[in-house]
Amino acid sequence: MELLFKMNLNNAVERVLHVPGNYAGGILEMTLVIDCALPSDYVSNMAADVAACLRSHSEVFRNVRLNLLYWKSDADMENRVIPISFLQVGSCFEDYVMTAEEKSLDALTARLKIYHARSKLILVLGEEKLLVRDKDEVQKNMKPFLGKKSLFLCRNDSEMKWRRGIELKLT
């Protein structure tokens, strides 16, 4: 991960955590969504880099309740609660299986709204192109909280790009 990307990630995370009413201290609860269409070596390396970047940036990330959500398909999403240090070691990805099923942002945002609304930070590690079936439904799910708490880290062949949930372009 490049130094500039790490600085931008840290700044984006700080902006999310300092949204009024979001994080007031104590143990941080966050969610990391892994798109299972990504290759396993890329996922383990990127997750380790993100965890190392966040833990070195702030004391808040030393003790985190981390929900790891495997996004396999619209109907199959597996949640695990793990320590953030497991991301750096990579032991949580030993049974990771790459699946190439078509999935939509509609189902993911609905799941996040129902089960992960308590998370103060939601990181989505996904492909560059995210399928949206119903733009209005996704926008409804992102409001009022998910849009302010979400960062989408999208893989591109040449570089890694990130977008905040409220900046996600739904076309």
What's the number of the condition M77 fails, among (1) within 15 Å of C154 (Cα to Cα); (2) in contact with a Lys or Arg (Cβ under 9 Å, 6 or more places away or on another chain); (3) not polar (S, T, N, Q)? (1)
When segment 19-48 is checked residue by residue, the ones that are touching a helix residue (DSSP H, G or I) at 6+ places or on another chain (Cβ under 8 Å) and either open to solvent by 40 Å² or more (accessible area, probe 1.4 Å) or without any contact (Cβ under 8 Å) to a residue 12 or more places away in the chain (or both) are Y23, S40
Does N79 count as farther than 29 Å from P144 by Cα and open to solvent by 60 Å² or more (accessible area, probe 1.4 Å)? no
Identify, please: which residue in segment 85-107 is touching a helix residue (DSSP H, G or I) at 6+ places or on another chain (Cβ under 7 Å) and over 14 Å from I34 (Cβ atoms) and is, among those, least open to solvent (accessible area, probe 1.4 Å)? L105
Can you name the condition, by its number, that M98 falls short on among (1) within 30 Å of D136 (Cβ to Cβ); (2) assigned to a loop (DSSP other than H, G, I, E, B)? (1)
A110 vs. criteria over 13 Å from T31 (Cβ atoms), without any contact (Cβ under 8 Å) to a residue 60 or more places away in the chain, open to solvent by 50 Å² or more (accessible area, probe 1.4 Å) and not hydroxyl-bearing (S, T, Y): no
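From the residues in segment 6-18 that are open to solvent by 30 Å² or more (accessible area, probe 1.4 Å) and over 11 Å from L54 (Cα atoms), which one is farthest from the chain's Cα centre (by Cα)?
H18
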Here are some conditions: (1) open to solvent by 60 Å² or more (accessible area, probe 1.4 Å); (2) in contact (Cβ under 8 Å) with a residue 24 or more places away in the chain; (3) within 21 Å of G26 (Cβ to Cβ); (4) not basic (K, R). N67 meets all but one. Which one does it not meet? (1)
May I ask you to list the residues in segment 74-92 that are over 18 Å from R62 (Cβ atoms) and at pLDDT 90 or above? D74, A75, D76, M77, E78, N79, R80
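The values are calculated or read from the model by the stated rules, or taken from the named source; none is laboratory data. Keep in mind that what you see is a predicted model, and the values were worked out from it rather than measured. Neighbour counts run over all protein chains shown; Cβ positions are idealised from the backbone, glycine included. Surface accessibility is based on the protein's heavy atoms, side chains included, excluding ligands, DNA and RNA. Shrake-Rupley method; radii C 1.70, N 1.55, O 1.52, S 1.80 Å.
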